[in-house]
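Just so it is clear, none of the values below were taken in a lab; they were calculated from the coordinates. Model, not experiment: these values are computed from the prediction. No Cβ is skipped: glycine too gets one built from the backbone with ideal geometry, and neighbour counts run over all protein chains shown.
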Amino acid sequence: MKIGTTSFGFRYAFLDPANSPTFVEMIRQAREAGVERLQICENTRPLEVSKSGWREALRCAADLGVEIQLGCKALKPEIVERYITLAHELACNQLRIVMEDPDHHERATRENATRLLADIVPKLQSAGLRLAIENHFDISSTLLVELASSYPAELVGFCVDTANSLRSFESTHEVLRLLHERAFCYHLKDYRVVGSMISFAVLGAPLGEGDLDLNGCLRTIFANKPVPPLFVETWTPSENHRERDAALDAEWLRRSVTNLRARLANFEG
């Protein structure tokens, strides 16, 4: 099956807008790492890319056999509407969303998340898109299930991240248990928990090299047919040096893709 990554696999390369690579460069690097599906998210500022920049990116993706998807982070309907327009222009079939304010002026709540979905879901449907809501920091997985239940399962589902909800003290097992039936895609992200119950930290790790029960996750994922798309993501530590940080991102992505490919051999066929 195709293995994907998101533009957060190139986190440090895009921190500085003045020195960020082009989307063509990102797509080529992703393909060199063994990736065949790329979810371009808000960290790369996709709404700021020119139409000619997108045309070049789509030509490159088609030539290399890389499928392009789109992701956003927003609580304001007018921002999501811009992403809906772009996703439609890119011929995507879904839009992944993190329901949070990227500027941190407003915290996601049941009330504003409910209003956002009521506003954007009809527009997504009109554009021929489905919505993949990513579990993240502010909204519990239980609440996500409640919010999505108001809409058809083929229209509103989840982008299930294996590590994001640790910040809310939700285990990966619990997140998958709650969200896998409506999973439209997965972000497979590994981690290490260091310290003790009194003082601990969660650090990133290449996929298959940390504390994540990857085989257990894959058993749950492969229980659904067809199997939703899988995207590798990493939490790579920073040395506060752009070139070294970007190089480590690239190394972890290659290792993660290789490790996942090896594990998938036990589940495919």
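Of R28, R45, R11, R37, which residue is more than 20 Å from L116 (Cβ to Cβ), touching a Gly at 6+ places or on another chain (Cβ under 9 Å) and touching a residue at least 12 places away in the same chain (Cβ under 8 Å)? So that I can check it myself, show each step before the final result.
Values: R28 fails: touching a Gly at 6+ places or on another chain (Cβ under 9 Å); R45 fails: touching a Gly at 6+ places or on another chain (Cβ under 9 Å); R11 fails: touching a Gly at 6+ places or on another chain (Cβ under 9 Å).
None of the others qualify; the one that does is R37.
The set of residues in the stretch 104-120 that are of a type outside the set (S, T, Y) and either in a loop (DSSP other than H, G, I, E, B) or within 20 Å of the chain's Cα centre (by Cα) (or both) comprises H104, H105, E106, R107, A108, A113, L116, L117, I120.
Scanning the stretch 121-144 for residues that are exposed (fewer than 15 other Cβ atoms within 10 Å of the Cβ) and under 18 Å from the mean Cα position of the chain (by Cα) turns up just one, F137.
With the structure loaded, tell me whether L212 is in a loop (DSSP other than H, G, I, E, B) and surrounded by 15 or more Cβ atoms within 10 Å (Cβ to Cβ) or whether it fails that test. Give the steps one after another, and end with the answer.
Working: in a loop (DSSP other than H, G, I, E, B): yes; surrounded by 15 or more Cβ atoms within 10 Å (Cβ to Cβ): yes.
Answer is yes for this residue.
What is the residue count in the stretch 192-208 for residues that are closer than 21 Å to S7 by Cα and in contact with a helix residue (DSSP H, G or I) (Cβ under 7 Å, 6 or more places away or on another chain)? Break it down stepwise before answering.
From the stretch 192-208, those closer than 21 Å to S7 by Cα are 203-208; that's our starting set.
With the extra rule that they be in contact with a helix residue (DSSP H, G or I) (Cβ under 7 Å, 6 or more places away or on another chain), the set shrinks to 206-208.
The qualifying residues number 3.
For the stretch 121-153, a residue qualifies if it is charged (D, E, K, R) and in contact with a strand residue (DSSP E or B) (Cβ under 7 Å, 6 or more places away or on another chain), and the qualifying residues are R130, E134.
With respect to the stated conditions, N240 is at positive phi and either of a type outside the set (K, R) or surrounded by fewer than 20 Cβ atoms within 10 Å (Cβ to Cβ) (or both). When V202, V227, V175 are checked against the criterion of being part of a helix (DSSP H, G or I) and surrounded by 14 or more Cβ atoms within 10 Å (Cβ to Cβ), V175 stands alone in meeting it.
Sub-7 Å Cβ pairs linking a first residue in the stretch 102-113 that is under 15 Å from I133 (Cα atoms) to a second residue that is surrounded by 12 or more Cβ atoms within 10 Å (Cβ to Cβ) and of a type in the set (V, I, T), at least 6 apart or interchain, are A108/I139; A113/I139, ordered by first then second residue.
Reported count of residues in the stretch 120-137, each being without any contact (Cβ under 8 Å) to a residue 40 or more places away in the chain and out of contact with any helix residue (DSSP H, G or I) (no Cβ under 8 Å at 6 or more places or on another chain), is 4. Among residues of the stretch 150-162 that are closer than 20 Å to V175 by Cα, those with a Cβ under 7 angstrom from a residue that is part of a loop (DSSP other than H, G, I, E, B), sequence gap 6+ or separate chain, pair up as F158/N135; V160/N135; D161/N135; T162/L212.
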